[in-house]
Every structure is written in C-alpha cells, then in structure tokens.
Amino acid sequence: MKKLLALTLLLSAAGLGVAGSKTNRTVYISGNWVSGSLGGARNSGDTTQYIGCYVYGNEASNFKSMYCSARDVSGTHLNCYSDAPAVVDIAGRLNSDSFLQFTVNTAGDCMSIRVDNYSYDVPKQ
C-alpha cells in the first residue's frame, strides 16, 4: 500500500512540471487560406516566416481599414486588405502572441479573419 501511495505521489508531482497544453503553430498557406501564430513564426528556426496585420483608423473621416500578410517557410506569400467593419474589428484584437487565420479572394480582399488568444499558443521569445 505504501509503495502504491509513493508511486502515485511521484507520478502526480512529475506531471506538475509539464502541466498545460502547448503548441507551436508556424505559418501555413494553402490556396487562399493562411494560418499561424505570431509566436510560432517568430520562434521558428528560419528567417523566412512571418504573419500579422495592421489596423488603421482616421478619426476625422471615421474610416478604418486593415491589412494582413503572411509568408511561410517555402516563401509563399499571401496578403489581403479590408475596410469591412466586422473584419477590421477582429483584426484589432490581434496581439503579439495570437493565432491568426484569414482567407483572401482573387481581388486581394480579406474575406474572413480569425484571431485566437489561447494560453497554449507559444509566446514570442
């Protein structure tokens, strides 16, 4: 009984050191679809990958827009632009450790955008 209790305590303590799910989502581009985490791209072993967006606003004209861009490890590049309020608002929620996914039409317009802020995405180092 004491051996079983000692083994249970040992295994429980060992699990504490690796608690929490972690994932390293590097940049992936397929057709008109892009995904990746900012931390995953920044921490990758290559100097090619990047992913991100910028959001622009002008108070005088009440105009907002955004532009997203990404390049994967093979050098494939995709970018898009939008001034659609729903898309611009979501892009504004991006932070330096976010996961970003977007789709682009043939004219270069952002058709959809997704921003995840989860603890399992690796932070930028």
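No value in this document is a laboratory result; all are computed from the given coordinates. The structure displayed is predicted, hence computed values, not measured ones. Please note: Cβ atoms are built from the backbone with ideal geometry, for glycine as well, and neighbour counts cover all protein chains shown.
Computed over neighbours whose Cβ is under 10 Å from that of Ile29, the net charge equals 0, Lys and Arg +1, Asp and Glu -1.
Other residues whose C-beta falls under 12 angstrom from the C-beta of Tyr56 contribute a net charge of -1, scoring Lys and Arg +1 and Asp and Glu -1.
Taking Lys and Arg as +1 and Asp and Glu as -1, the other residues whose beta-carbon sits under 11 Å from that of Ser82 total -2.
Extent along the principal axes, Cα only, for the range 44-125: 43, 30, 19 Å, with the longest axis given first. Cβ-Cβ distance of Asn117 and His77, R₀ of 30 Å, FRET efficiency by 1/(1 + (r/R0)^6): the value works out to about 0.75. Among the trypsin sites (Lys or Arg not before Pro) found in the range 17-125, those both in a DSSP coil and sparsely packed, with 11 or fewer other Cβ atoms within 10 Å of their Cβ, are Lys22.
What chymotrypsin sites (Phe, Trp or Tyr not before Pro) in the range 35-125 are in a loop by DSSP, with at most 12 other Cβ atoms within 10 Å of the Cβ? For chymotrypsin sites (Phe, Trp or Tyr not before Pro) across the range 35-125 that sit outside H, G, I, E and B with at most 12 neighbouring Cβ atoms in 10 Å, the list reads Tyr118.
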